[in-house]
1. Expected output is a single nm value to one decimal: the length gained when fully extending between Val414 and Lys394, i.e. 0.36 nm times separation in residues minus the C-alpha distance. What is it?
2. Where does each of 177-186, 101-110 land if you order them by average Cβ count within 10 Å, highest first?
3. Over its Cα atoms, what ratio of radius of gyration to 2.2 N^0.38 Å does region 140-237 give?
4. Measure off 7 Å from each Cα along the Cα-to-Cβ vector at Ala214 and Glu169, then give the distance between these two points in nanometres to one decimal.
5. Relative contact order, percent, of region 140-237 when contacts are C-alpha pairs under 8 Å separated by at least 6 residues?
6. Work out the FRET efficiency for Gln148 and Ser365 from their Cβ-Cβ distance, taking R0 = 35 Å, and round it to the nearest 0.05.
7. Using amide H atoms built 1.01 Å from N in the peptide plane, name the residues 5+ places from Phe41, or on other chains, whose amide H lies under 5 Å from its own.
8. With labels modelled as points extended 7 Å from the Cα through the Cβ direction, what inter-label distance (nm, one decimal) is found for Met425 paired with Ile380?
Amino acid sequence: MTTTELIETETATDVVNPAISESKKESKSCENCHQELNGPFCASCGQSSDSTLKYFWLVIMHLLDDIFSFDSRASRTIWPLITRPAFLTNEYFAGRRVHYVPPLRLYLFISIVFFITLKFFIASDDANSIDINGNQEVVTQVKAHIKQLKTKQNSLQESSLESTQTLDEITRLNEELAKFSNYFADLNREYTSGQNKQLIKITREMVELEFDKADEGLSSKKQERFESLIEKRLKLISGGIISEELTIANNEDGSLSFEFLSKEQNKKLNEFTEELKEKGEKAFNSDTGPLMEQVIGKLPQLMFILLPLFAVLLKVMFIFSKRLYMEHLTVALHSHSFIFITVLLFEMLDLLEDYLAETSPTIASFSGVVAGGLLVWIPIYLFLMQKRVYKQGKFFTFVKFSIIGILYILMIGVTAIVAMVWGIMGT
């Protein structure tokens, strides 16, 4: 066949089947080894044919999809995670995985959302705790007491009796009114600066002691505490700063040392504790918001250490279950994902209850009941999860569940201390 005939044959083929012609035009070569590509990956070196140079929003969408699996699997995963203990874990062990978000991706998604929103909830609680939770009742009591004092004062002033006893009582009422009016003003200060926070807390405790004193008198210990609060309050009002001293020591001279450490190591330890005390006093005696942000920022990193340790604990406690370590790690990932999302829902309902407390008390009350139910559901869920995954009797599961719970609380406590120290050193 001549060259002319070959060209005519290819042209005829292109006319008959334009798809073949188009594929020829679009055929690409590997950018790494320059071999012809016949699919999404190079048959020679294995490099993907998909370019990494894309529009930024496409890169973000791919990243979100890889990490969070934002598809129909999410809707099939979240509901069983909350309502069906061990369902997702057993499905994963049985090999039915394609319909659900993988455990690690699920944990990453929920933990990121949880720790981001936790900062918001803590900031909200910190700003409103005095006004809404602890302070409101005291403010109401002070208002009622001021009203009662004014009623007595007006009654005595309108009286025609002008005895020494009456005048003394009016003087006492005036002093009491002035004192409680000052309390009321302090309790209603704007809860923003660290100094105002300290003053409000001191005033609240003083008012509680004032009412105890009026009802049944104060014990010597309470009286001593009351006098100490008076000094602190006067110092704050006059513009002074109250410094709560931190103590980190196990020796009478105020130093910290351990026998298993060398003299040089103990010296470095004391240098570290001195720096920690200095930064801690500064953080706790001012606005604690930045410190809490630092602490919360450290928790996700520490949780990545705690998760494998929790899986080791499960491995030890259920050593005769013949399950692999990765299976215990899957239980840990699903357990923590459930705890995070449940606590997140609790915080949202608690916030809704506070928001609707005055406008819609019925809905607020219902939100409070549901929020309380969620907290009760956490230990029940985790117990059922361990029972259904490891398939042991109720008694043995309960014993192991209790031991695991106690040890895990200790682990959480150590994690919180590490996060606090890390946060203080970072402020």
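1. 4.2 nm
2. Ranking, from highest mean packing down: 101-110, 177-186.
3. That works out to 1.24 for region 140-237.
4. 1.6 nm
5. 24 percent
6. 0.70
7. Ser49
8. So the label points at Met425 and Ile380 sit 4.3 nm apart.
No lab work stands behind these numbers, since they all come straight from the coordinates. None of these values were measured; they are calculated from a predicted model. Note that each Cβ is placed from the backbone with ideal geometry, even for glycine, and that neighbours are counted across all protein chains shown.
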